[in-house]
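First up is the structure itself, then whatever we jot down about it.
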Amino acid sequence: MRKRVKPIAGIDLGSSKITSVIAEVLPDEVIIRGINSTPSKSIVKGVIRDLNQCAAEIDASFSGAVYSSGIHVEQVHLAVTCKDLVSVPLAGEIRLDQAKNEITQEHIDRLLASIKMPRRDGQFALLQRIVQEFEVNKTAGVRNPLGMFGERLAVKVQDVIGPEWLLNNYRKALDRVGLTLKSLIPSVLAAGEAVLTTEEMNTGCVLLDLGHGTTDLALYRDGSAVYTDTIPVGIANLESDLMQGLGVSLHEAQRIRRSFLKAWISLNQADADDIIDVKFYGHNEYAKVKKHKVMEIVLPRLDEWAQLVKRGLRESGLLETIPGGVVLTGGGCYLREVTGFFQQHLGKPVRIGIPRGYSHLFEEFRAPQFAAALGITSFARREEREHVYKPGFLENVAEVFMDFLSRLGPRERKEPPTD
């Protein structure tokens, strides 16, 4: 009989839904024991607007996952997104005691601990530290220096930081329902673990997580993320524009978006004069509206969406070094012709990223909008397998997050089965 392994629990805090996952993680597979997704109304673009309501929504979501799994877990990994998250490149180096000294985990921990965030306006905390590459003596591009010999050990990292008040609010919401925060993970990095292949990570690709309130982007190269950013535009903006432009309810705007809206549209296309049924606010009967009126309302927002994504990628300064294509995930993938839209604007091949490699998962959850929630378990597995520098989490918040998580950069992983 197989020995039961310690379960991993994750919660993806989204603007439209909160998804909770409880899984058992084995060396070659992730077994989903419980998963539940419930609506979210207390979070707007990653920011908690009502702490009591947020705690209640987390409780409803997580309780469902506990019930379906039959496993009680108190420590959770949290996937979050917010426009206030910032990606900062940093570097550090140490001198080794002797030229023939073998590099140990203690050396790596000391090196990572020596990297301090520069002072910024306001108090910022570290959400995730991504190791890009090590350098031993003057040899760059070292993936894992453990066991090597040298006089000098250096590292380049990418720190994802956010305001302390934001992260403290997440912790407090969990505390209110008896849960302890084990780690914070940017949603886009969690999603990457679920939908990207090893080849895409190593060759280089762009990941776009098309969410309800925000769009998260990450650039991968040599096996790890080298840049992340959050754009404050998502599917909710299109629905809001339809509400105001047509004078309809939110429910009706969502119906129109799901039924008729396309990402790649033109006022000159053949079906622009087609008639659609619209129920105006306060009316019981549907009215006839030409499709081009809907197009005129959303075209400016679609153009803004594309331009902000392009600007975010350009600001990384790394886009030209990424030879691969673009992978889309998140609920925005259900927008019609969204792949052609981003392929046209970014000039790269585009595919939809579907979570792979998860056993005992209902088909309804094997979908782009659940990539971040499922990816939390894969991300946490990697942290626990690798030697990761982590000070005590419950120490002083400013110190904790400045030195919180470290990952040893590019790595090999076993490909999930294709099914």
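Please treat every number below as a calculation from the coordinates, not as lab data. Predicted model only: the values in this text are computed from it and were never measured. Every residue, glycine as well, gets a Cβ built from its backbone with ideal geometry; the counts of neighbours run over all protein chains shown.
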Problem - Angle between the chain longest axis and helix 235-246 axis [Cα atoms, degrees, rounded to 10] - result: 20
Handout entry: Degrees separating the helix 164-175 axis from the principal Cα axis of the chain, which is the longest one
Key = 80
Fill in the blank from the handout: Compactness summary of region 197-352: radius of gyration and Dmax from Cα atoms, Å, are 17.2, 57
Handout entry: Relative compactness, region 73-206, computed as alpha-carbon Rg over 2.2 N^0.38 Å
Key = 1.24
Problem - Residue-averaged 222 nm ellipticity for the chain, from DSSP H runs of 4+ at -39500 (n - 2.57), nearest 500 - result: -10000 deg cm²/dmol
Fill in the blank from the handout: Taking a ≥ b ≥ c as the square roots of the Cα gyration tensor eigenvalues, with a/c under 1.5 meaning rounded and otherwise prolate when a/b beats b/c or oblate if not, region 103-149 comes out prolate
Problem - Sequence-distant aspartates and glutamates (8 or more away, or on other chains) whose Cα lies within less than 12 Å of Lys290 - result: Asp271, Asp273, Asp274, Asp277
Practice task
Round to the nearest 0.05 the FRET efficiency obtained for Phe149 and Glu320 when R0 = 41 Å and r is the Cβ-Cβ distance.
Solution key: 0.70
Practice task
List every residue whose amide H lies under 5 Å from the amide H of Leu127, counting only residues 5 or more places away in sequence or on a different chain, with H placed 1.01 Å from N in the peptide plane.
Solution key: Val160, Ile161, Gly162
Exercise for the section: Take peptides 302-308, 52-58 and line them up by average Cβ neighbours within 10 Å, highest first, as a rough protection proxy. Expected result: 52-58, 302-308
Fill in the blank from the handout: Once Lys and Arg are counted +1 and Asp and Glu -1 for all other residues with Cβ under 14 Å from that of Phe280, the total becomes +1
Handout entry: Partners for Lys172 among lysines (Cα-Cα distance below 23 Å; same-chain residues under 8 apart left out)
Key = Lys17, Lys41, Lys45, Lys83, Lys182, Lys390
Handout entry: Projected label distance in nm at Leu90 and Ser240, using a 7 Å step from Cα toward the beta-carbon
Key = 3.3
Problem - Amide H within-cut-off set for Val44, under 5 Å, with H built and near neighbours excluded - result: Arg49
Handout entry: region 179-220: relative contact order in percent, alpha carbon pairs under 8 Å with at least 6 residues between
Key = 37
Exercise for the section: Show the residues, 5+ positions off or on another chain, whose built amide H is closer than 5 Å to the amide H of Leu179. Expected result: none
Completion exercise
Karplus ³J(HN,Hα) for region 101-112 (6.51 cos²θ - 1.76 cosθ + 1.60, θ = phi - 60°; Hz, whole; x = Gly/Pro) runs 5, 7, 6, 10, 4, 4, 5, 5, 4, 5, 5, 5
Handout entry: For region 16-25, 3J(HN,Hα) per residue [Karplus equation, 6.51 cos²θ - 1.76 cosθ + 1.60, θ = phi - 60°, Hz, x = Gly/Pro]
Key = 10, 7, 10, 10, 10, 9, 10, 9, 9, 10
Exercise for the section: Working from Cα positions, state the angle (0 to 90°, nearest 10) between the long axis of helix 291-315 and the longest principal axis of the chain. Expected result: 10
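Tell me the net charge near Asn52. Cut-off is 13 Å between Cβ atoms, Asn52 excluded, with +1 for each Lys or Arg and -1 for each Asp or Glu.
Working: positive: Lys41, Arg49, Lys172, Arg176; negative: Asp50, Glu57, Asp59, Asp175.
That sum, taken over residues with Cβ under 13 Å, equals 0.
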Exercise for the section: Quick one: what are the phi-derived ³J(HN,Hα) couplings along region 323-330, Karplus 6.51/-1.76/1.60 with θ = phi - 60°, whole Hz, x for glycine and proline? Expected result: x, x, x, 10, 10, 9, 8, x
Problem - Residues of region 276-293 with amide N under 18 Å of the 7 Å Cα→Cβ point at His251 - result: 277-287
Fill in the blank from the handout: If each part is reduced to its alpha-carbon centroid, region 148-186 and region 334-352 end up apart, in Å, by 32
